[in-house]
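Participant: The structure follows.
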Amino acid sequence: MSGQSLPIGGVDVRPRARTNDLVIRELPDEELVYDLKTHNACCLNKSAAMVWKHCDGQLTISEIQQLLSRELHPEIDEDWVCQALRQLSQKNLLEAPVLIEKFSRRQAMRKLGRAAVLAPLITAIIVPTAQAGNTCVGQACSPSGINGVDCPCTRCCGREGSPTSSAPRVCQLFQALPPTNPCNADCMCLSDNCIRPPDPNPWTCA
Amino acid sequence: MTKTQLGQLIARIIAAEWHAGALALSAEELAQAAPLLLNLGGAAWGWRQIRNTNLKDTPLAHELQQAYRLHTLHVAVKEMEIAQVFAHLRSQGLEPLMGKGWVIARQYPEPGLRPFGDIDLYVRTEEFARYKNALQQPGAKSWVVDLHNGAAELNDRSFDDLYAHSRMLTLNGVSVRTFGLEDHLRLLCLHFLREGAMRPLWLCDIAVAVNTLPADFDWDYFLSADQRRADWTICTIGLAHHLLGVRIEGLPIARRAMNLPRWLVPTTLKVWGEGKVPHGRRKLMAAFLRNPAGVVAALRERWPNAIEATVGTKGPFNNWPRLPFQLGECILRTTAFARQMPKLISKSS
């Protein structure tokens, strides 16, 4: 994402969806996005996904609003589009964030009237209680013990960005671990691959 | 609810895919099953089964749905990795066989229903070092490859045979070589047994595979080579029929598959109800050399169930008691561990 922010309100504001380093999966009623840089995953409801799709760097906010009022609901106005753009900006899904005057969600819903049921919504994908299958992603963790990892949900514990960065340790989807650490489905080893010594020992970074 | 009842509940939820009519599940039952589904990788599949029921808006259902979303993305990321791995290895003249993981996930109604973490590659023993080197090169280290030195479960067949029956799939424009359908179903069955039936999703794999068998599936080849293993695989398919309701009527193995040893179903249900950590995620036994606290619990956790014990000792699937096999498996494991002791001690000191 470039550092330049686009101001809101001018006719020249033409938001552009970010496409690099994103993995996108379309589902029937929503769109899932995984950011390969930050390892954040989020879910765009149908409305937010439609706004995002129209952010081609060519259309102005007003033009996006006109398109959506035809495609989605006639009462959709620019505030509705701005609500979506604000969320898209927050999730780093635009090339340049669109600066939007703050207004509460309640205010926005009131303004949206009947179109409120179609409110754009982007939610983070987090599974709070699961203990496997990448499900403690984002939780704070600390390295300890003989195995070198102590993730609250037995997953790998690492830093955002690279393993050597100074960011706080959190459980991650994709993880780099030094040799001799136990590794599993979602860990990567720094030096080699995840191998399995003779039973009964588990997979280990070698 | 006993562990067996809990296992039955998990089986009922998974099996809903193959049963007519909506899944009838109470909120209490969902509360019991959801943690296990989440723990054992079956959350996305669980979501698929309840998303058309009146439980779909409950907080627990929401958790399952979130897991489904996360797995969907995870699989997409892994697909990119798999294509990169194959392109990289092929550029070095290497052609591995891929199994499990994505190979079976793609047979599910949606790939995100079947999460997987590593990329299982099976290579000839004589080429293992070349593969290892190729995967240690810069740029390749970030891939989570589980490189198998040979194909242990299928080692009653030659690698030439495995290659001869292999098939090519296309992923992101890259050809990916995988086991033939017969070998792959066999691999799934034997892996499920060897791992002690720990994950319901592994039996679900077998159910999905059987459910999508083509008309020209070569049963003679599937049942060839080691006859004991062939019998184990038939019983595993029978288990998928018994617990998940997969239709096997008319298949050449149906008669034997419907006549399972009496310990197989109860053992599987109990294992599922226990929600034990699969082998690969347990703390290393070597870790207890330095700090013995918890060693008793770890040993108890390692007591082999009837399935893994029978397969581990190459025993028959009959109605005889399983205790001798369990004891035999313990002796085998302890011997293997004892052989490694000098190395482990020098490593930990």
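The values are calculated or read from the model by the stated rules, or taken from the named source; none is laboratory data. Worth saying up front: this structure is predicted, and the values here are computed from it rather than measured. Counting neighbours? That spans all protein chains shown, and the Cβs are built from the backbone with ideal geometry, glycine included.
Participant: Out of all the residues in the stretch B:45-61, which are at pLDDT below 90 and part of a helix (DSSP H, G or I)?
Facilitator: B:P59, B:L60
Participant: Filter the stretch A:35-48 for residues that are part of a strand (DSSP E or B) and under 15 Å from A:S89 (Cα atoms) and give the result.
Facilitator: Selection gives A:D35, A:A41, A:C42, A:C43, A:L44.
Participant: Another one. Name the one entry in B:L223, B:L243, B:L239 that is modelled with pLDDT of 95 or more and surrounded by fewer than 23 Cβ atoms within 10 Å (Cβ to Cβ).
Facilitator: B:L223
Participant: What helices (runs of 4 or more DSSP H) lie completely within the stretch B:164-255 and have 2 or more residues being assigned by TED's automatic domain parsing to the domain that holds B:V311?
Facilitator: The helices (runs of 4 or more DSSP H) meeting that bar number zero.
Participant: Pick from the stretch B:24-44 the residues that are in a loop (DSSP other than H, G, I, E, B) and within 11 Å of chain A (Cβ to nearest Cβ): which of them is nearest to B:L60 (Cα to Cα)?
Facilitator: B:G42
Participant: Hey, among B:L97, B:L201, B:L187, B:L169, which residue is of a type in the set (A, V, I, L, M), within 14 Å of chain A (Cβ to nearest Cβ) and either more than 30 Å from B:L6 (Cβ to Cβ) or buried (at least 23 other Cβ atoms within 10 Å of the Cβ) (or both)?
Facilitator: When all the criteria are applied, what remains is B:L201.
Participant: Just to be sure I understand, how many residues within the stretch B:309-338 are over 21 Å from B:V265 (Cα atoms) and of a type in the set (V, I, T)?
Facilitator: 3
Participant: Further, regarding this structure: Quick check: is even one residue across the stretch B:251-265 crowded, with 23+ Cβ neighbours inside 10 Å and among the polar types (S, T, N, Q)?
Facilitator: Within the stretch B:251-265, none of the residues are crowded, with 23+ Cβ neighbours inside 10 Å and among the polar types (S, T, N, Q).
Participant: Would a scan of the stretch A:16-30 turn up a residue that is more than 10 Å from chain B (Cβ to nearest Cβ), in a strand (DSSP E or B) and touching a Gly at 6+ places or on another chain (Cβ under 7 Å)?
Facilitator: Looking for residues that are more than 10 Å from chain B (Cβ to nearest Cβ), in a strand (DSSP E or B) and touching a Gly at 6+ places or on another chain (Cβ under 7 Å), one finds at least one in the stretch A:16-30, hence yes.
Participant: Could you say which residue among B:F179, B:F192 is farther than 19 Å from B:L264 by Cβ, in contact with a Ser or Thr (Cβ under 7 Å, 6 or more places away or on another chain), surrounded by 23 or more Cβ atoms within 10 Å (Cβ to Cβ) and in contact (Cβ under 8 Å) with a residue 40 or more places away in the chain? Before you say what the answer is, go through the steps one by one.
Facilitator: Values: B:F192 fails: farther than 19 Å from B:L264 by Cβ.
Checking each option against the conditions leaves just B:F179.
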